[in-house]
Every structure is written in C-alpha cells, then in structure tokens.
Amino acid sequence: MPAEVLYSPEHVRALINQNDVLLIDVRSEEDFAQGHIPGAVNMPDIFTYLAETSDDGLQTLQQKFSSLFGSFGLDGTKKAIVYEDALHTRYGASCRGYWILQYLGYPHVGILDGGLQAWRAYGGTFTTDQTPITPTQFPLRIKAGLMATRQDVFSALGSSTVKLLDNRDKEEWLGESSSPYGVDFAPRKGRIPGAVWIEWYEFMRLDGVQSAFKSSDAIRDLAATRNLFPEDDIIIYCFKGARAANTYVALASAGFQNLRLYMGSWNEWSRNPDMPIEDGLPRAAIPYRPR
C-alpha cells in the first residue's frame, strides 16, 4: 500500500489549484447533480457494480473499469482521488474505488479523508457545473495479488495459513439477512465457514456525520481480538467488496501486508449452491474440511 492514501481537504484543494488531480465522486447521479467538488466527475458504477471472479468475470471487470476510467481521462499522470459523503455513509464506496484503481495498476490513487463532510467542514466549495473530459487510454497493469477469487476462498477453507475476515453487518453475519439490499436479495443467508467477524464500522471513529479510521494501534488491537495479525495472509469479504475495501484500507494503513479482497464476496458465493455456508450463531471451533 502506498504511503499516502488519505488526502486531507487542504491537500486536495492544493492539487486542484495545481491542476494535478481528477476527483472521482462515487455518489448517485442525483446527488452529484445537486453539488460536488469543482473538477469532479461522477462514477456511481464504482459502488453499484456486482463482480464475479471467474476468469470471464475478472476480464469483464477489468475491461469495464479500465474503459470507464480511460473515458474520464485517467492516463497515469494525474492523481485520482476518490470520495463519497463520508467514509461510513456509502458502505465504503470511496475505498472500493481506491481498491479497484489499485487492482488495475493505476500509479497515483488516493481517498479524500472524511469525504464531503470533511470537505464541507474545511470550507471547500461546491459546484453543479459539469467537468470537461478528454478521453484517453487507461494504463492497465493488473495487480492480481490484490484479488481473491471464489476458488481462492474455497481453497482456503480449513487452511491453517489463510484467514478469512467477514466484515458485514451483524444481521448478515448471523444469517438473518442476505444483503444490505434486502433480506432476500441473495438466494442464501449465512457466512463462509471458518471466517471470523469484525463489523466494518469498528475500524472507524464516528462523530455524528463525520468519520475517520482509528489509529494504527487501535486497528491492530481490534484485529488481534480475532487472532488476526499484520503478518497473516488474510482474505476480506462482505457482500460485494465495498465494506471489505474499507477494511482493506484500515488494515493496510495499520501495517497489514498480506491482504486480498474477495471482490465477488457474498453476492457471488451465495449464488453457487456448491459453496458451503454456515448460519445462525457461530459454531464451536470445528474447522471446515473440504470434501
């Protein structure tokens, strides 16, 4: 993970003044139209896209987003700074945008620390103007090591070396709801056997409408309560990879080096009846053994 990931509102304004940044707003088209940071472009697909991690699914994801980013002018020279309302308000969408750009190999990526709530508190300006765009060729260089596929997760079941972290909301973890989109949006409810659970909000400090990641020490201490340590090989999943991306940023900022994100997450896992699930209260420590 690059040393600089979270950009303060002051830093972002300096980049705007230097014409050295493309701001990516991941909110809905309606919210974007009501007001956004000057110079920003709107990419709600970053939040809404449901990925599959088969070979064909990964190729589709790579083509879709490299084309999308290229159509908005990302050529590898400007910094790409992603933002949402706040780090906790759109299920980690800004972090999902950051992670996707990292996976595609974009060299200069960051997140507006605190999102629009921090920008507003700083006194940053808003506009309803559309930003002129010059399409370009996106410099695609896939970093495959950041992605966990469904097969990777299945192979990790019962592993003594790979740990699974579920960071969905409590109702999803317990199998009471299948997704944030609705109780029965996905065909099955539950969790991946052997995963440990830390709700994604726990990695942040929430103060009304504003939020920030906790200190590195606090994040490491929280992870240690689930037997997760900076040197571990960890796969993170949620429903579609947004909350997992938020946790990815939190853990990476605290020194965790071997992180992968299961982009398909529960949406993909639950739709394949061959993939095992566990629901209800967590079982006693009986590891899953693939047949």
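The values are calculated or read from the model by the stated rules, or taken from the named source; none is laboratory data. Please read these numbers as outputs of a predicted model, since none were measured by experiment. A quick note on method: Cβ atoms are made from the backbone with ideal geometry, for glycine too, and the neighbour counts reach across all protein chains shown. When the accessible area is computed, the model is the full protein with side chains, heavy atoms only, and any ligands, DNA or RNA have been set aside. Shrake-Rupley method; radii C 1.70, N 1.55, O 1.52, S 1.80 Å.
Between ASN19 and SER54, what's the calculated FRET efficiency when r is the beta-carbon distance and R0 is 35 Å? Round to 0.05.
Once the sixth-power term is evaluated, E becomes 0.30.
In terms of the mean number of neighbouring beta-carbon atoms within 10 Å, the peptides 273-282, 202-211, 106-115 order highest first as 106-115, 202-211, 273-282.
Relative to one another, the C-alpha centroids of segment 142-164 and segment 170-196 are positioned 20 Å apart. Panel values: segment 205-267, Kirkwood radius from alpha carbon pairs, Stokes-Einstein at 20 °C and 1.002 mPa s, translational diffusion coefficient 175 µm²/s. Considering segment 49-91 at the alpha-carbon level, its Rg and Dmax are found to be 13.3, 33 Å.
Were the residues from ALA144 through GLU30 laid out at 0.36 nm apart, the gain over their Cα-Cα distance would be 37.6 nm. Quick one: pull the percentage of alpha-carbon pairs in the chain with a separation above 28 Å. Across the chain, Cα pairs with separations above 28 Å total 35 percent. Amide H to amide H distances under 5 Å link VAL109 with ALA80, where only residues 5 or more positions off or on other chains count and H is placed in the peptide plane.
With a simple spin-label model that places each label point 7 Å from the Cα along the Cα-to-Cβ direction, the separation between GLU231 and GLU202 comes to 2.4 nm. For SER8, the residues whose modelled amide H falls within less than 5 Å of its own, excluding neighbours fewer than 5 places apart on the same chain, are ASP113. Relative to one another, the C-alpha centroids of segment 203-260 and segment 266-281 are positioned 23 Å apart. Value of Rg to Rh for segment 65-177, rounded to two decimals, is 1.06; Kirkwood radius and Rg both from alpha-carbon coordinates.
Pairwise Cα distances in segment 6-142 exceed 23 Å in 28 percent of cases. For segment 6-142, a crude dipole built from +1 on the beta carbon of Lys and Arg and -1 on the beta carbon of Asp and Glu, taken about the Cα centre, is about 300 debye to the nearest 20.
Volume per residue of the convex hull around the Cα atoms, evaluated for segment 1-74, comes out as 116 Å³.
Helix 93-103 and the longest principal axis of the C-alpha atoms of the chain enclose an angle of approximately 90°. Multiplying the residue separation of ASP217 and GLN151 by 0.36 nm and removing their Cα-Cα distance gives an extension gain of 20.5 nm. For the peptides 176-188, 89-101, the ranking by packing is 89-101, 176-188, with the highest mean count of neighbouring Cβ atoms within 10 Å listed first. Ordering GLY194, PHE126, GLY182 by the projection of their Cα atoms onto the charge dipole of segment 126-196, which places +1 on the Cβ of Lys and Arg and -1 on the Cβ of Asp and Glu, puts GLY194 at the extreme positive end.
The angle between the Cα long axis of helix 55-71 and the longest principal axis of the Cα atoms of the chain comes to about 10 degrees, rounded to the nearest 10.
Leaving ligands, DNA and RNA out of it, report the carbon-plus-sulfur percent of the accessible area of the chain at a 1.4 Å probe.
48
What accessible area per residue, rounded to a whole number of Å², is obtained for the chain using a probe radius of 1.4 Å?
It amounts to 44 Å² per residue over the chain.
For segment 145-271, the normalised intensity computed at q = 0.10, 0.18 Å⁻¹ comes to -0.28, -0.93 (log10 of I(q)/I(0), Debye sum over alpha carbons, equal scatterers, no solvent). Phi angles of segment 251-259 translate, via the Karplus equation with coefficients 6.51, -1.76, 1.60 and θ = phi - 60°, into HN-Hα couplings of 5, 4, 5, 9, x, 6, 9, 10, 10 Hz per residue; Gly and Pro are given as x.
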